[in-house]
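J.: Below you'll find the structure I mean.
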């Protein structure tokens, strides 16, 4: 197993969830159904999913790239777009670190899973990553 | 978990009799879902469809995680479509699936994608 695969898996997860989020919003606008996707506090889960760092980072970078495509003649447009793309990439990097806890919080909040189970799953993640680091250290 | 009609009473029998009391097929399908199966009919059908699709894919190519992921993706798309169908019954909009039932499929699929990529072998590209 490679670290790059773990990072790629987070990105795959984010892309799939983002894709279904866009499809859900589209269906909601077209068919006008009443959205019920809220967690125990009544917060919108779709918005929470879109706001996790890795997904919003990917969105920021993509938006910035699309902004560069139609040149308006002003160099500040291009500089601003490049800065946005850079910030988006920074967000993705931060998102990779905070991803497990963010996603666990959202899913367990949505399905009313007790905090004890959330803590247990988090512990499994931490132990797994610790063993992975130990394995890499022992290999050197 | 209470599932469908628990006690046979005059009102519950009345509800059962009125299931097909409509000319609109979507209303009848929605009534069957809510009155007989307690809102879990299409959720159960989607899980069965997932199992069937998985076995169909796995019989051709024995890759358990990959087949679970791709069949899950197909079922997730269908679940989105079923979520979009809502029927107005006695002034209340009821869907074929609730949001919690619908989001189970994309979230599990996304988690499978996560595990699939996480456990990829270094030499498999």
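Please treat every number below as a calculation from the coordinates, not as lab data. If you're wondering where the values come from, they're calculated on a predicted model, not measured in any experiment. Here the Cβ is made from the backbone with ideal geometry for all residues, glycine too, and neighbour counts use every protein chain on show.
J.: Could you sort A:41-51, B:85-95 so that the peptide with the highest average Cβ count within 10 Å comes first and the rest follow in order?
T.: A:41-51, B:85-95
J.: Which distance in nm do the two modelled labels at residue A:19 and residue B:63 give, with both placed 7 Å along the Cα-to-Cβ direction?
T.: About 1.5 nm separates the two model spin labels.
J.: Could you line up B:103, B:117 from fewest to most neighbouring Cβ atoms inside 10 Å?
T.: So the ranking, lowest neighbour count to highest, is B:117, B:103.
J.: Also, I was wondering about something else. Taking the radius of gyration and the Kirkwood hydrodynamic radius from Cα positions alone, what is the Rg/Rh ratio for the protein assembly as shown, to two decimal places?
T.: Reported Rg/Rh, Kirkwood definition of Rh: 1.05.
J.: While we're here: Using helices alone, I'd like the mean residue ellipticity at 222 nm for chain A: each DSSP H run of four-plus residues gives -39500 (n - 2.57), total over residue count, nearest 500.
T.: That calculation yields -28500 deg cm²/dmol at 222 nm.
J.: Right, next: For helix B:64-84, what angle does its Cα long axis make with the longest principal axis of chain B, in degrees from 0 to 90 and rounded to 10?
T.: With rounding to tens, the tilt is 30 degrees.
J.: When Cβ neighbours within 10 Å are restricted to other protein chains, what is their mean count per residue of peptide A:2-12?
T.: Working: counts 4, 0, 3, 8, 5, 2, 5, 10, 3, 3, 9.
Whole-number average of other-chain Cβ neighbours for A:2-12 is 5.
J.: Another question, then. Based on a Kirkwood Rh over C-alpha pairs, give the Stokes-Einstein translational diffusion coefficient of chain B at 37 °C and viscosity 0.692 mPa s in µm²/s.
T.: 198 µm²/s
J.: Tell me, A:19, B:41 in order of fewest to most beta-carbon neighbours within 10 Å? Walk me through the numbers before you get to the answer.
T.: Values: A:19 14, B:41 18.
Placing the least packed residue first, the sequence is A:19, B:41.
J.: Among B:100, B:120, which comes first, second and so on when ranked by fewest other beta-carbon atoms within 10 Å?
T.: Numbers: B:100 15, B:120 18.
Least crowded to most crowded, the residues run B:100, B:120.
J.: Each label point is 7 Å from the Cα along the Cα-to-Cβ direction; what then is the distance between the points at residue B:26 and residue A:138, in nm?
T.: Between residue B:26 and residue A:138, the label points sit 5.9 nm apart.
J.: Between the helical axis of B:99-118 and the dominant principal axis of chain B, each derived from Cα atoms, what acute angle in degrees is found, rounded to the nearest 10?
T.: Relative to chain B, helix B:99-118 is tipped by roughly 10 degrees.
J.: Could you work out the helix-only [θ] at 222 nm for chain B, with each DSSP H run of four or more residues adding -39,500 (n - 2.57) and the total divided by the number of residues, to the nearest 500 deg cm²/dmol? Intermediate values should be presented prior to the final figure.
T.: Details: 5 runs with 76 residues, N = 125.
So the helix-based figure for chain B works out to -20000 deg cm²/dmol.
J.: Before anything else, pin down the relative contact order of region B:40-124: Cα pairs under 8 Å, at least 6 apart, normalised by residue count, whole percent.
T.: Computed over region B:40-124, the figure is 31 percent.
J.: In addition: Just to be sure I follow: if Rg is taken over the C-alpha atoms of region A:3-100 and Rh is the Kirkwood radius over the same atoms, what is Rg/Rh?
T.: The Rg/Rh ratio comes out at 1.06.
J.: On to the next question. Across the residues of B:78-87, average count of Cβ atoms on other protein chains within 10 Å?
T.: 3
J.: Give me the inter-chain shielding for B:102-110: mean count of other chain Cβ atoms within 10 Å, whole number please.
T.: Mean partner shielding for this stretch: 6.
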